[in-house]
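The values are calculated or read from the model by the stated rules, or taken from the named source; none is laboratory data. Being a predicted model, the structure only gives us computed values, none of them experimental. Glycine gets a Cβ as well: all are built from the backbone with ideal geometry, and neighbour counts include every protein chain shown. Accessible surface areas use protein heavy atoms only, side chains included; no ligands, DNA or RNA. Shrake-Rupley method; radii C 1.70, N 1.55, O 1.52, S 1.80 Å.
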Amino acid sequence: MINRTDKKTFFKFKKCIPTILRYQILTKAFLLLVDMAFRYARGGILWTSDRAVISSGDIPFLFTSVQGWGIMLIGLVILSVYMVFDVNAMIILSNKILHNKPVRTLEVVKEAFLSLKYFNNPFGFFMLMYMAFILPLAGVGLNAISLTENLYLPNFIVSFIHQNILFTILYYFGVLLAFVFTVFNIFTFHCLIIGKEAMAAAREHAAELIKKNWNNFVWTYFKFILKSVLVVLIIAGVIVGAAAFAVFVVKIDDNDAYRAFLTFMSYLVLSVAGIFILIFVPMHYLTLTKMYDLYTGEYEEMYLSTRRDYAYMYIASGIFSVFLLFSSIFTSGNFDEEFPKVANTKIIAHRAGGNLGDENTVQGLNKAIEKGVWGGEVDVQRTKDNKYIINHDDTFRRLTGNKKTTSELTLEEIKKLEVKDSLHSEESGQIASLEEMLDAANGKIVLYIELKGKTADEKTADDIYGIVKNKGMLNQVVFVGFNYKLMKYMEEKHPNAETGYLCYAAFGEIENLATDEIIIEEELATPENIDKIKAAGKKVIVWTVNTPMGMARFYSRGADGIITDKIDKSLSIKSLLQSDRIDKYGEAYDDMKRVILHTIFVLWA
């Protein structure tokens, strides 16, 4: 049983904050150096292969070249280093705090590296891969490995999964399995590192602890999450209250002072959020380690930070606050650069008309034109008789019920098929030829023509280029595709054609990809990548952006275009963000809107 005194000790965690911050700042600085070394090593290996970047089109390169295996080996080493700091060391740090032992950063790190010996077995390697890759993809668990914290399933894959009920069930069943596995192995690392148990015994012991203390585990964990949310809300309330007081009570009338104040508030929010993240992960491990101690009967009195620790924290906070203040005053002189106005981002309808009409049909494209949409993206494939039609899938089964592929049917046979889109069943469309789609778009809308499927080869590229050129529409078409080699071929063979590479994963110098436009999946569209691509004189298009938050994010980040299914929603949000209030607060309102958007999306990144 856990007595009331034990429960009260959870509230002492806040007294460990100086110790935690000292450890976090020192180790994060070291990890920053490790990350820089990794980037240089990766860049050196890429240089030997005459490449500046590896993207989603280069997966075979990783497995079929010496350089690819070298990059993966370095990645595995770095992954192990991150695991040491983000998992093993956190458990050791928590154990020292809970058992009243002085916390010395070098000792914690040394013990964490030595603890890697417990993972020198097949299941240990599996656990490393599981925490680094499977948990982020599933979106569950306690993963804190920084190197893969942004690993994700691209939205286009998630959308494809959700289009099929069987795939959706299998996906969520997999997520459920990952969650259950995580919960029953949540103390495995503690049993290994603190309990010094062998891997098999640690796994068995961890599962036994959860089974025996299931109710307490769920309740304790729920309270921790609830308290964390309350802390966030309180901090946000204080900051918003201070901002409202300054604007509406004190009434800052001087524009320069107002902009400096807004800049300071933005920096303050970002700084507080950063500090909270630094504290949250160790607190998380403290909670888990405390539960492990209580369940195994090993709990002792906690080690609390000393007065000297608090003094250092207060001095550092004061110095940092002064730094923020002067930085805000200096930066506010370049306010328009730091907090740019919402960009005139182009809206491109996914699959011709987005959700306005049947996908990849002239009917859908015409509806997008009626809405004033700037562009439409369509998928082109070659038929059995070497004609070109608009279709996304390898077969026509999903839209028409016909199971044959485009290369198995002639254009005449395909034109007899009827598209029955579940969203627009009352007005069925027809499979369009490339020429029909071009005629519908001519002079009205820009077309992004994706070379799709198994027929996407050099013949297709040359043929489609010729068709577009003969219609005099080269200035109205962008040729795009997932096959980087093919898009590079088109860029070199037809330099007067606008080209774009569809990319959902990349590391290295993404801006050096050899196309005019780089079309990146929204999770890859970080501010850093957008800035690098635009600085290289290329356009950034983001796909497939269907959420209001995503739309607002990329309008504010300066993307040149977004590809979306939600046409009405994207137009509304763009109009809202670009609107200016015509009243005495107009300029002040615009400044505040820009700062809020910038702050939100820096946090979101």
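What the table below lists for this structure:
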| quantity | calculated |
| --- | --- |
| FRET efficiency, 1/(1 + (r/R0)^6) with R0 22 Å, evaluated for Thr526 and Phe30 via beta carbons | 0.40 |
| Rough spin-label spacing in nm, given labels placed 7 Å along Cα→Cβ, for Ala198 and Met549 | 4.6 |
| Estimated vicinal HN-Hα couplings, Hz - the range 97-114 in sequence order (Karplus 6.51, -1.76, 1.60; Gly, Pro = x) | 5, 6, 10, 6, 10, x, 9, 10, 4, 4, 5, 4, 5, 4, 4, 5, 5, 5 |
| J(HN,Hα) series, the range 25-39, from Karplus relation 6.51 cos²θ - 1.76 cosθ + 1.60, nearest Hz, glycine and proline x | 5, 5, 6, 5, 5, 5, 5, 5, 5, 4, 5, 5, 5, 4, 5 |
| Glu204 accessible area, 1.4 Å probe, all protein chains in place, Å² to nearest 10 | 130 |
| For the range 199-245: rounded, prolate or oblate by the Cα gyration tensor [a/c cutoff 1.5] | prolate |
| Cα centroid separation - the range 199-268 against the range 162-182, whole Å | 30 |
| R0 of 30 Å, Cβ-Cβ distance Glu338-Phe280: FRET efficiency to nearest 0.05 | 0.65 |
| Set of lysines near Lys211 by C-alpha distance (under 29 Å), chain-local residues within fewer than 8 positions excluded | Lys7, Lys8, Lys12, Lys96, Lys117, Lys196, Lys223, Lys227, Lys290 |
| Under-5 Å amide H pairs with Lys346, H placed in peptide plane, nonlocal only | Gly561, Ile562 |
| Computed label-point distance, nm, for sites Phe320 and Glu435 using a 7 Å Cα→Cβ extension | 6.7 |
| Rounded to whole Hz, the Karplus (6.51, -1.76, 1.60) HN-Hα couplings of the range 504-518, x for glycine and proline | 10, 7, 6, 9, x, 8, 4, 5, 8, 4, 8, 9, 6, 10, 10 |
| Environment charge at Ser94 (Cβ cut-off 10 Å; Lys +1, Arg +1, Asp -1, Glu -1) | +1 |
| For the range 348-496, the Rg and Dmax computed from alpha carbons only, in angstrom | 14.4, 45 |
| Whichever lysines have a C-alpha closer than 18 Å to that of Lys384, once near sequence neighbours (fewer than 8 apart) are set aside | Lys403, Lys404, Lys415, Lys416, Lys452, Lys454, Lys459 |
| Rounded accessible area of Lys28 (nearest 10 Å², 1.4 Å probe) | 70 |
| Probe 1.4 Å, all protein chains present, accessible-area order of Phe30, Phe184, largest first | Phe30, Phe184 |
| Neighbourhood charge, 9 Å Cβ-Cβ cut-off, centred on Ala456 and excluding it, Lys, Arg +1 and Asp, Glu -1 | +1 |
| Cα→Cβ-extended label distance, 7 Å offset, between Ala242 and Lys420, nm | 6.2 |
| Computed lengthening from Lys471 to Ile165, 0.36 nm per intervening residue step minus Cα-Cα distance | 106.0 nm |
| Total formal charge among the other residues, if their Cβ is under 12 angstrom from that of Gly333, Lys/Arg +1 and Asp/Glu -1 | -3 |
| Segment Arg397-Ile234, extension gain: residue separation times 0.36 nm, minus the distance between their alpha carbons | 53.4 nm |
| Net charge dipole size for the range 394-509 [Lys, Arg +1 and Asp, Glu -1 on Cβ; Debye, nearest 20] | 220 |
| Which of Ile369, Ile347 is most accessible, then next, and so on - probe 1.4 Å | Ile369, Ile347 |
| Residue order for Thr64, Thr395, Thr499 - accessible surface, 1.4 angstrom probe, largest first | Thr64, Thr395, Thr499 |
